[in-house]
Amino acid sequence: MKRVVADVEKPVRSNASAEDRLLDVSRRNLLMGVGAAAIMSGQVTSAAAQMGAPPAGYGAAGIGQGMGHLNEMFPTTYDPAYIQNAVMAFVRTNLYAAQRPFLPMIDETLSKENALPFDLWGMLYDDWGPNPEEGLTVFLQGLEKRGPDNRRKRIYISALTPDLYRSMYAEKVARFFDRLLDENNAGKPLMKYYLDNYFDLFWDLHVGVQGEAVPSEVRQIGESFNTVLGYRDPLLGIVYENYMKVRALRTPLKKWIEERVQDVVHGRVKDPEKTFVYYWIKNGGGGSDFRNRDVVFESFHNFVALSQWGNTIYNIMLKLEKTTGDPDVKAWFKRTMEGDYDNARGAPFTPLQRLVMELFRVISPNGGSISSLQQLGMREPERHGYAITPHLAASTDPRHWENPLEFDPRRYKGVPASDEVGEEKAKAIGFAKCPFEKASFPVKDGRKADMTNSAFGTVFGVVDGKAQPVCDYAGFAPFGFGYRRCPGELLTIAVFEDFLKKVWAEKIEFQKLDLPNPARLPVGPTTVIDDNIGFVRRT
Ligand code: HEM
């Protein structure tokens, strides 16, 4: 069988046909079965997206047979450790559909502990498996390990509250959108510019540096990380190359982040209080629930979290697109922006927040919450099983909404916000006691702020006596559920509010570009798109 040598100098953003060079089609079909082969052609869409999990349906046909021979089928140039720990782990991974939740909670039996598809551990740790000594992320921790009352989560979210967004981070985000929607970029495929500038924003938010202060290796590892997540299939040459680049560059990256964290701690960076790290350090207090090495780890693990902005922005542009966009979304955008869009009138969410929430509900850039499963009986110890609690299905469940398939931001007027979900509500639902007792974590960063929780375990801030709740309802699923719900939700919603405000204020119109060969770009987990949307400013 002909072996193909991986060309490590090949640029990351190649198109699908380039990576086909590395494994010929017949061999890939043999390996993965006919059903899975379609997914491997690069047509991976957000429909199957979730935080780094393989696309649903992957590994269905044919994989169980002939497993012992798989090793012989890979290019000899592939690192054997990669084949064993990434490729073989991938084909031994099974995903199982979990229920659509009735309440916005996932029981702890479906655990967050090490809930990462096994083949991805090599991206995070040297030894291809979890090693808490090297650093931890709350994202991969069971509730029981997070300290009292989900402490690690409370510390994490203390850096991302809406008050901080407006006073500390919004100007960085605005700079990013100014660069993205600069007149020089008009009429050109936009996601390239998005990705070109994205790591400036990423590192500016985390440690307060951008531009030349971000070394090329640091940009490269971020790009490689996103490429692996986007293409996701370890058999592809583009994934192999980038996976190995992540492994080669991770130690220098961590050293670089450690130094930047020290710059923040010692005030050697401009406006240290305008970084996430500042609040993690202050509120972690060097304790075991958020050690300094965890600050470093969380910063680079956020490659996963923030990468979802790319997928989201692309899909929002598609929905607003001048001729092929969604007429209902466009009508609601106009109606919202012509009104008093920032005025909540006593409701938990403003009209613009409701619009963004509805965009997230229908786009659902994160396809499902992923949980590790407890194994009862051990027949095949080498198999890895994960349950996926589906987001789009939950968000469009007719048991939660009268009009689940309509685009209607008004739906959030009548649903509970997390500060309204306390003991009384729990009892009214039928619980004997609150599933999650209320607890408070007062921050130590100088603000008058508590990180508290709803009866469903959802953590949210109360700053200067004002609650910052989220829509705590099982029919609003894009950011997950309960104690493990996304701490970046309100910050993300604010980012997209600012994006839409700019689009409206500057009369920006998105247009599909008629390009014969648009670049294929990884813009989020399991999402590789054609870079074919541009913009113009209406006069
Ligand atoms: C488009 C943007 C985003 C989407 C759609 C999203 C979605 C989600 C979802 C669905 C979960 C729950 C996963 C699960 O339970 O298995 C989650 C968790 C998480 N997200 Fe996000 N996220 C986004 C942005 C962010 C940002 C900007 C940050 C940080 C700055 C962030 C940090 C996290 C963390 C740390 C967790 C783990 C929480 C826990 O386990 O307690 N995310 N996210």
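The values are calculated or read from the model by the stated rules, or taken from the named source; none is laboratory data. Everything quoted here is computed from the prediction, not taken from an experiment. Quick reminder, even Gly has a Cβ in these numbers, built from the backbone with ideal geometry, and neighbours come from all protein chains shown.
Here is how the numbers come out for the structure above:
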read-out: Those residues of segment 495-514 which are closer than 20 Å to GLU183 by Cβ, more than 16 Å from the ligand (Cβ to nearest atom) and not basic (Lys, Arg), in sequence order; value: VAL503, TRP504, ALA505, GLU506, ILE508, GLU509, PHE510, GLN511, LEU513
read-out: Filter result for the condition that a residue is within 15 Å of the ligand (Cβ to nearest atom), in contact with a helix residue (DSSP H, G or I) (Cβ under 9 Å, 6 or more places away or on another chain) and farther than 21 Å from PRO409 by Cβ, over THR527, THR492; value: THR527
read-out: Selection from segment 345-366 of residues that are in contact (Cβ under 8 Å) with a residue 60 or more places away in the chain, of a type in the set (Gly, Ala, Ser) and more than 15 Å from PRO404 (Cα to Cα); value: ALA347
read-out: Meets criteria (at pLDDT 95 or above and either outside any strand (DSSP E or B) or more than 11 Å from the ligand (Cβ to nearest atom) (or both)) for ALA387; value: no
read-out: Residue match in segment 455-468 (condition: surrounded by fewer than 19 Cβ atoms within 10 Å (Cβ to Cβ), out of contact with any Asp or Glu (no Cβ under 8 Å at 6 or more places or on another chain) and either touching a residue at least 60 places away in the same chain (Cβ under 8 Å) or assigned to a strand (DSSP E or B) (or both)); value: yes
read-out: Selection from segment 478-516 of residues that are more than 18 Å from GLY368 (Cβ to Cβ), aromatic (Phe, Trp, Tyr) and in a helix (DSSP H, G or I); value: PHE496, PHE499, TRP504
read-out: Residues that are more than 19 Å from GLY284 (Cβ to Cβ), in a loop (DSSP other than H, G, I, E, B) and either in contact with a Cys (Cβ under 7 Å, 6 or more places away or on another chain) or among the charged types (D, E, K, R) (or both), drawn from segment 419-447; value: LYS433, GLU437, LYS438
read-out: Residue list for segment 133-153, filter: touching a helix residue (DSSP H, G or I) at 6+ places or on another chain (Cβ under 9 Å) and more than 10 Å from the ligand (Cβ to nearest atom); value: GLU133, GLU134, GLY135, LEU136, LYS145, GLY147
read-out: From the options GLY230, GLY208, GLY237, residue that is out of contact with any Phe, Trp or Tyr (no Cβ under 7 Å at 6 or more places or on another chain) and at positive phi; value: GLY208
read-out: Residues of segment 200-216 classified as part of a helix (DSSP H, G or I) and either of a type in the set (Val, Ile, Thr) or over 19 Å from VAL304 (Cβ atoms) (or both), total; value: 5
read-out: Residues of segment 110-132 satisfying the condition of being within 14 Å of the ligand (Cβ to nearest atom) and over 19 Å from ARG232 (Cα atoms); value: LEU110, SER111, LYS112, GLU113
read-out: Test: residue in segment 255-263 that is more than 19 Å from the chain's Cα centre (by Cα) and within 30 Å of THR77 (Cβ to Cβ); value: yes
read-out: Residues within segment 268-279 that are more than 11 Å from VAL207 (Cβ to Cβ) and crowded, with 21+ Cβ neighbours inside 10 Å, tallied; value: 1
read-out: Failed condition for ASN343, given (1) within 24 Å of the chain's Cα centre (by Cα); (2) more than 30 Å from LYS512 (Cβ to Cβ); value: (1)
read-out: Candidate set from segment 295-328 (those that are hydroxyl-bearing (Ser, Thr, Tyr) and either at pLDDT below 95 or surrounded by fewer than 20 Cβ atoms within 10 Å (Cβ to Cβ) (or both)); member that is nearest to the ligand (Cβ to nearest atom); value: THR324
read-out: Search result, residues across segment 220-254 that are of a type in the set (Phe, Trp, Tyr) and within 19 Å of the chain's Cα centre (by Cα); value: PHE225, TYR231, TYR243
read-out: Residue count for segment 118-158, restricted to those that are farther than 29 Å from SER440 by Cβ and surrounded by fewer than 21 Cβ atoms within 10 Å (Cβ to Cβ); value: 10
read-out: Test for ARG411: is it assigned to a loop (DSSP other than H, G, I, E, B), in contact (Cβ under 8 Å) with a residue 40 or more places away in the chain and of a type in the set (D, E, K, R); value: no
read-out: Matching helices (runs of 4 or more DSSP H) fully within segment 274-341 where at least 2 residues are without any contact (Cβ under 8 Å) to a residue 60 or more places away in the chain and within 20 Å of ARG154 (Cβ to Cβ); value: 292-320
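Yes/no per residue for (1) in contact with a Cys (Cβ under 8 Å, 6 or more places away or on another chain); (2) without any contact (Cβ under 8 Å) to a residue 40 or more places away in the chain:
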{"position": "ALA477", "(1), (2)": "no, no"}
{"position": "GLU489", "(1), (2)": "no, yes"}
{"position": "THR492", "(1), (2)": "yes, no"}
{"position": "GLU497", "(1), (2)": "no, no"}
